[in-house]
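Novice: Starting off with a structure, shown below.
The values are calculated or read from the model by the stated rules, or taken from the named source; none is laboratory data. Quantities reported herein were computed from a predicted structural model and do not represent experimental measurements. Please note: Cβ atoms are built from the backbone with ideal geometry, for glycine as well, and neighbour counts cover all protein chains shown. Heavy atoms of the whole protein, side chains included, go into the accessibility calculation; ligands, DNA and RNA do not. Shrake-Rupley method; radii C 1.70, N 1.55, O 1.52, S 1.80 Å.
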Amino acid sequence: MTTPLSAQAIGVDIGGSGIKGAIVNTATGEFIGEEKRIPTPELAKPEVIADIVSQIVDSFDMEPNIPVGVTFPAPIINGVCPLVANLSQDFVGMNVAELMSAHVGRPVVVLNDADAAGLAEAEFGAAHGQDGTTIVLTLGTGIGSALVRDGMLVPNTEMGHILLPNGLKAEKWAASSIRTKENLSLEQWAQRLQDVIDMVEMLFSPDTLILGGGISTRFDEFSGFLSTRADLEPARLFNTAGIAGAALVAAQEQA
Ligand code: BGC
């Protein structure tokens with residue numbers, strides 16, 4: 001027998017620039033109360049990151065058995081991180097789920113950040129009720145991806161690491177952080193993003209392509225520069241998708 005889904009869960013999103021958390025209503029994906037954010041110290045050791053996650057969880061002052069889910073900006077296979085692009089290399093080979101659980105003081109579910117965002121969009125957002133193949137690309141410090149087929153996630157796709165015909169990795173060419181770093185106009189950046197989208201469409205033939213990350217709030221300003229075979233949509237949950245997805249998965253695993 002399964003227990004009902006916990007009505008609330010804590011989601012924490014570890015990003016390249018900030019670690020953010022909130023209590024989430026697992027039926028709607030909405031936050032209950034304020035989001036808490038602590039900047040990510042540059043190339044911080046795993047223990048430092050885990051400590052910040054535990055501070056964020058503690059700040060919510062909830063009963064001790066509320067589920068906790070944490071997103072991580074790298075693939076996570078059975079709790080273990082096989083490679084990492086935008087955080088300390090000390091994480092490579094580490095069981096991040098065990099590390100987080102030890103610091104937080106109870107079992108913590110850890111999953112890839114874009115997978116969490118994809119699950120949240122499938123459950124509460126732009127991909128809700130969509131059949132077929134949906135791909136969510138998160139455009140931030142790097143490029144993350146989630147592949148959802150008929151509502152089921154295929155975890156740990158790493159489309160940000162696809163090599164483009166110009167020899168560069170997709171995320172080194174067209175992440176949102178590159179737009180800022182190279183001072184590209186939205187049109188120039190969208191032209192680069194088109195190169196990534198062309199590869200993604202050629203490899204996976206998605207029916208729906210959803211663009212997420214903070215820049216997705218400006219979707220209307222750059223989507224006109226993009227052309228896709230798939231239906232192109234902005235994420236509905238913008239930057240809250242990672243937190244909502246992590247909380248949802250934590251609640252599902254506890255049920
Ligand atoms: C990582 C992905 C992650 C993405 C967004 C990439 O560099 O390899 O796992 O989803 O950045 O954070």
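Novice: By how many nm would the segment from I77 to L184 lengthen if fully extended, with 0.36 nm per residue of separation less the alpha-carbon distance?
Specialist: Values: separation 107, 0.36 × 107 = 38.52 nm, distance 3.51 nm.
Extending this stretch completely gives an extra 35.0 nm.
Novice: While we're looking at this one, here's another question. Taking the Cα centre of the chain as origin and charging only Cβ (+1 Lys, Arg; -1 Asp, Glu), how large is the dipole, in debye to the nearest 20?
Specialist: On the way: 14 positive and 31 negative charges, 80 e Å.
Roughly 380 debye for the chain.
Novice: Whole number in Å², please: accessible area per residue of the chain, 1.4 Å probe, ligands, DNA and RNA not counted.
Specialist: Normalised by residue count, the accessible surface of the chain is 44 Å².
Novice: Still on this structure: Could you tell me the distance between the Cα centroids of the stretch 5-22 and the stretch 128-145, to the nearest Å?
Specialist: Spelled out, the Cα-based centre of one part sits 19 Å from the other.
Novice: Which value at 222 nm does the chain reach when only helices count, each DSSP H run of 4 or more adding -39,500 (n - 2.57), with the total divided by all residues and rounded to the nearest 500 deg cm²/dmol?
Specialist: -9500 deg cm²/dmol
Novice: Are there any trypsin sites (Lys or Arg not before Pro) in the stretch 163-255 that are in a DSSP loop and have at most 13 other Cβ atoms within 10 Å? List them by number. Can you show the working numbers first?
Specialist: Values: sites: K169, K172, R179, K181, R192, R218, R229, R236; in loops: R229, R236.
Passing sites in the stretch 163-255 are R229.
Novice: On to the next question. Bin width 5 Å, origin at 0, all Cα-Cα pairs of the chain: what percent of pairs per bin?
Specialist: 1, 7, 14, 19, 20, 17, 12, 7, 3, 1, 0, 0
Novice: Find which of N95, A241, S177 sits farthest along the positive direction of the dipole of the chain, computed with +1 on the beta-carbon of Lys and Arg, -1 on that of Asp and Glu, about the Cα centre.
Specialist: Farthest along the dipole direction, towards plus: S177.
Novice: Related question: Stretched out fully, how many nm does the piece from S205 to M94 gain, at 0.36 nm a residue minus the Cα gap?
Specialist: Taking 0.36 nm per residue and subtracting the Cα distance, the gain is 36.6 nm.
Novice: Sticking with this one: Test of the criteria: in the stretch 171-221, which GluC sites (Glu not before Pro) are in a DSSP loop and have at most 14 other Cβ atoms within 10 angstrom of their Cβ? Walk me through the numbers before you get to the answer.
Specialist: Details: sites: E171, E182, E187, E201, E221; in loops: E182.
Counting only loop positions with at most 14 other Cβ atoms within 10 Å, the GluC sites (Glu not before Pro) in the stretch 171-221 are E182.
Novice: Mind checking the dipole of the stretch 1-151: about its Cα centre, +1 per Lys or Arg Cβ, -1 per Asp or Glu Cβ, Debye to the nearest 20? Present the calculation step by step, with values, prior to reporting the outcome.
Specialist: Numbers: 6 positive and 18 negative charges, 33 e Å.
Once rounded to the nearest 20, the dipole reads 160 debye.
Novice: Which trypsin sites (Lys or Arg not before Pro) in the stretch 13-63 sit in a loop by DSSP (not H, G, I, E or B) and have at most 14 other Cβ atoms within 10 Å of their own Cβ?
Specialist: Those that pass, being in a loop and sparsely packed, number zero.
Novice: Here is a further query. Kindly work out what percent of the DSSP beta bridges joining two residues of the stretch 109-255 are antiparallel, to the nearest 5. Walk me through the numbers on the way to the answer.
Specialist: Values: 11 of 20 bridges.
Bridges in the stretch 109-255 that DSSP calls antiparallel: roughly 55 percent.
Novice: Using the basic label-point model (7 angstrom from Cα toward the beta carbon), what is the N166 to M62 distance in nanometres?
Specialist: Label-label distance for N166 and M62, simple model: 4.2 nm.
Novice: Using a 1.4 Å probe on the protein heavy atoms, what percent of the accessible area of the chain belongs to carbon and sulfur?
Specialist: So the carbon and sulfur contribution to the accessible surface is 51 percent.
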